Amino acid sequence: MATISRSIQEGQAEAKEVAGGPGPGSAPVRGSELLRRKGHVLDLTRPLFEGMPMWFGHQRTYIVTNQDHEQFRRMWKTDVGFYARNLLLSEHAGTHTDAIVEYDADGPSLTQTPLEFYYGEAVCLDLSEVEFKDPDPEAKGYATEAVVRRAEEKLQAAGNEIRSGDIVLSWFDYGDRHFPSQKFIDEFPGFSFDGIEYLAEKGAVNIGTDCPGIDNSLDVQFSAHMVCKKYGLVNTENLASLGQLINQRFMFFGLPLNIEGGTGSPIRAVAWFPED
């Protein structure tokens, strides 16, 4: 490759010329093959946007323009413009993970929680037999221990198992069908106390769901969160595309922002299949 050498002044002159012209319209300019990576990644993250459905106990999301390109140039008398927006959002907006302090006043915050809670080997259970109902005298809207055991049998039939230290994701076949409707946030299935305790006893360290929360929306005792408190576990909520992962083993990454004292954090969650 030829060496490109410019003086500082020549480089700034070309930068000014670039600032006043159009961009290439694609990235990277030298070809999409530059983005090739080992294996493949499945994005499990819902979009953040103003007006997105939020649980009633958390801040609604607002996104406002800080400045556009022309406003920046006019305000700061520069040739280059920078576009940026401001976010007002909850630590629990969209696809997010919880720190234990959210449901345990004596528990660790995000910055006190090892990152290993938020990435590692994972499996995804098929809990689609659970269906929200109101009223629900037969508890059809709860992933009980019996339901979780049946899902585990499907996982085992596919040649996989829940291992100690796993992250366990749970597909209720709910979120992708109802997001972003009001029903999505108001009426959703979840775990019973014994259902999620079964996973805790098996050594799960992070339990995820495609619903807004791991509890059934009718459960005012927040039983699943209380199991997380009892066992010192985290959970990850509002995941997308879990139907593509059922009964499989993969690497999960759902790293939180480094929020000092955080009770939770929006995440970019992905499943990675390194050998594909």
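A single entry from 74, 46, 85 fulfils the requirement of being closer than 30 Å to residue 262 by Cα, modelled with pLDDT of 95 or more and open to solvent by 90 Å² or more (accessible area, probe 1.4 Å): 85.
Give the range 177-215 a look and list any residue that's within 19 Å of the chain's Cα centre (by Cα), in a loop (DSSP other than H, G, I, E, B) and among the polar types (S, T, N, Q), or say none.
Residue satisfying the conditions is 181 alone.
Of all residues in the range 111-158, those being touching a Ser or Thr at 6+ places or on another chain (Cβ under 9 Å), under 23 Å from residue 177 (Cβ atoms) and either of a type outside the set (Phe, Trp, Tyr) or at pLDDT below 95 (or both) number 13.
Here residue 29 does not qualify as on the phi < 0 side of the Ramachandran plot, touching a strand residue (DSSP E or B) at 6+ places or on another chain (Cβ under 9 Å) and either loosely packed, with under 10 Cβ neighbours inside 10 Å or part of a helix (DSSP H, G or I) (or both).
Condition test on residue 90, is it modelled with pLDDT of 95 or more and either open to solvent by less than 80 Å² (accessible area, probe 1.4 Å) or assigned to a helix (DSSP H, G or I) (or both)? Against the criterion (modelled with pLDDT of 95 or more and either open to solvent by less than 80 Å² (accessible area, probe 1.4 Å) or assigned to a helix (DSSP H, G or I) (or both)), residue 90 qualifies. Please find, among 62, 119, 83, 103, the residue that is among the hydroxyl-bearing types (Ser, Thr, Tyr), touching a Cys at 6+ places or on another chain (Cβ under 9 Å) and on the phi < 0 side of the Ramachandran plot. From the options 62, 119, 83, 103, the qualifying one is 103. The numbered conditions (1) surrounded by 10 or more Cβ atoms within 10 Å (Cβ to Cβ); (2) hydrophobic (A, V, I, L, M, F, W, C); (3) under 30 Å from residue 244 (Cβ atoms); (4) free of Cβ contacts under 8 Å to residues at least 24 places away in the same chain are all true for residue 18 except (3).
Filtering the range 104-151 to residues that are buried (at least 21 other Cβ atoms within 10 Å of the Cβ) and more than 19 Å from residue 174 (Cα to Cα) leaves 110, 117, 118, 122. The single condition among (1) more than 23 Å from residue 47 (Cβ to Cβ); (2) out of contact with any Phe, Trp or Tyr (no Cβ under 7 Å at 6 or more places or on another chain) that residue 72 does not satisfy is (2). Collect the residues in the range 104-145 that are free of Cβ contacts under 8 Å to residues at least 12 places away in the same chain and more than 22 Å from the chain's Cα centre (by Cα), keeping them in residue-number order. Matches in the range 104-145: 105, 106, 133, 135, 137, 138, 140.
Find the residue count for the range 222-266, including only residues that are assigned to a loop (DSSP other than H, G, I, E, B) and at negative phi.
Pass one, the range 222-266, residues assigned to a loop (DSSP other than H, G, I, E, B): 222, 232-233, 238, 240-241, 245-248, 254-263.
Within this subset, residues satisfying the condition of being at negative phi are 233, 240, 245-246, 248, 254-260, 262-263.
The total comes to 14.
Considering 165, 159, 107, 120, the condition of being part of a strand (DSSP E or B) and over 28 Å from residue 187 (Cα atoms) is satisfied by 120 alone. So, of the residues in the range 221-266 that are in contact with a Pro (Cβ under 7 Å, 6 or more places away or on another chain) and closer than 14 Å to residue 210 by Cα, which turns out to be surrounded by the most Cβ atoms within 10 Å (Cβ to Cβ)? This residue is 238. Residues that are open to solvent by less than 10 Å² (accessible area, probe 1.4 Å), more than 16 Å from the chain's Cα centre (by Cα) and hydroxyl-bearing (Ser, Thr, Tyr) within the range 152-176 are absent altogether.
The values are calculated or read from the model by the stated rules, or taken from the named source; none is laboratory data. Just so you know, these numbers come straight off a predicted model, no measurement behind them. We place every Cβ from the backbone using ideal geometry, glycine too, and count neighbours over all the protein chains shown. Only protein heavy atoms, including side chains, enter the accessible area calculation; ligands, DNA and RNA are left aside. Shrake-Rupley method; radii C 1.70, N 1.55, O 1.52, S 1.80 Å.
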